[in-house]
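Peer 1: Please read through the structure below; I'll follow up with questions.
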Amino acid sequence: MTKPSLPPLFSGQAVEGSIDPFEKACVEAIRGCDAGLVIHNLEPDQMRAAIVFAPDVPLKDAMAMVPLCGVGFQNALGALAPPEVAVHLEWGGGIRINGASCGRLRVAASDPEPDVEPKWLVVGFELPLWPASENTGETPDQTALYAEGCADVDAIALLEAWIRHTLVGINTWTEDGVSSLHKDWRGLAHGMGEQIEVADTTGTFLGVDERFGILIRDKTTTHLIPITHLLEGQ
């Protein structure tokens, strides 16, 4: 397999078979690996990858890496795929391609406390390349990248582009704050204005607050669910 070409300060580590890059990245982060480690598993039918971050801000602010990585993926695929391919992002980390569910983002951190600066934060990325079944009519809300007119998109090139565009987003976030990321993410948000259920709360998806907590309005109250709700392993 060709080794991905990554920007400075990022280092790649390939894993194969059933090894989950997200879980592997969390283990390496606990062991004290350097920030910028990108663990990837590129199989013929799916691509999975994870980035290790070392935030220097409290977790409630560092969680912006989840929507930032989502916007980075949209920018990366937008540069490689045909122009008619549409990418949208669910608040919970799900990725939508041409309206159908196609992969997800995941997140874990060393400490779940919002006001504590975590030692590490890992964002994982999963994308099916081919449908699990040839009978795609049985799962019309599920799709895969190559079933959406993207068969010419190389997985390694997409991984490289995802890291590059995510790095651009990190630099903008570091220099200018969260406002630009807010604007970009809102333009890609899936389901805004529609009924949604998160953490046993059902109502209309109104948008997000300044730290990407989701705002859900039921018949009487507007609920705020912080983005730290997405953390795995709490």
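The values are calculated or read from the model by the stated rules, or taken from the named source; none is laboratory data. These figures come from a predicted structure and were not determined experimentally. A quick note on method: Cβ atoms are made from the backbone with ideal geometry, for glycine too, and the neighbour counts reach across all protein chains shown. Only protein heavy atoms, including side chains, enter the accessible area calculation; ligands, DNA and RNA are left aside. Shrake-Rupley method; radii C 1.70, N 1.55, O 1.52, S 1.80 Å.
Peer 1: By Kyte-Doolittle mean hydropathy of at least 0.0 and Cα axial length of at least 24 Å, which whole DSSP H helices of the chain are selected?
Peer 2: Membrane-span-like by this criterion, though nothing is claimed about a membrane: 155-176.
Peer 1: Considering amide H positions built from the backbone, and no H for Pro or chain starts, which residues 5 or more places from Val107, or on another chain, come under 5 Å of its amide H?
Peer 2: Result for Val107 returns Gly124, Glu232.
Peer 1: For segment 1-127, with all protein chains present and a 1.4 Å probe, just round the carbon and sulfur fraction of the accessible area to a whole percent.
Peer 2: Values: 2650 of 5360 Å².
Of the solvent-accessible surface of segment 1-127, carbon and sulfur hold 49 percent.
Peer 1: What FRET efficiency comes out for Thr2 versus Thr221 if R0 is 45 angstrom and r is the Cβ-Cβ distance? Round to the nearest 0.05.
Peer 2: 0.30
Peer 1: Counting only residues 5 or more places away or on other chains, whose amide H sits under 5 Å from the amide H of Met47 once H atoms are built in the peptide plane?
Peer 2: Counting only residues 5 or more places away or on other chains, the set is Leu127, Leu129.
Peer 1: Take Val168, project a point 7 Å from its Cα along the Cβ direction, then tell me which residues of segment 35-77 have their backbone nitrogen under 16 Å from it.
Peer 2: Flagged as within label range: 68-77.
Peer 1: What is the gain in length, in nm to one decimal, between Ala86 and Asp45 on full extension, counting 0.36 nm per residue of separation less the C-alpha to C-alpha distance?
Peer 2: Between Ala86 and Asp45, full extension yields 12.7 nm more.
Peer 1: May I ask you to give the percent of accessible area on segment 141-234 that is carbon plus sulfur, with a probe radius of 1.4 Å?
Peer 2: Carbon plus sulfur share of accessible area: 47 percent.
Peer 1: For a Förster distance of 30 Å, can you work out the FRET efficiency between the beta-carbons of Val57 and Glu16, rounded to the nearest 0.05?
Peer 2: My answer for the efficiency is 0.30.
Peer 1: Using a 1.4 Å probe, what is the accessible area per residue for the chain, in Å²?
Peer 2: About 49 Å² of surface per residue is accessible.
Peer 1: Shifting gears a bit: Grab the DSSP H runs of the chain that are 4 residues or longer, score each as -39,500 (n - 2.57), total them, divide by all residues and round the 222 nm result to the nearest 500 deg cm²/dmol. Working shown, then result.
Peer 2: Details: 5 runs with 61 residues, N = 234.
When only DSSP H runs of four or more count, the value is -8000 deg cm²/dmol.
Peer 1: I would also like to ask the following. Return the single residue from Leu68, Leu206, Leu77 with maximal mean-square fluctuation; model: Gaussian network over the chain, springs between Cα atoms under 10 Å.
Peer 2: It is Leu206.
Peer 1: Follow-up question, since we're still on this one. Can you give the relative contact order of the chain as a percent, counting alpha carbon pairs under 8 Å and 6+ residues apart?
Peer 2: Result for the chain is 20 percent.
Peer 1: With the alpha-carbon atoms as the only input, what is the per residue convex hull volume for the chain in Å³?
Peer 2: Considering the Cα atoms of the chain, their hull volume per residue is 132 Å³.
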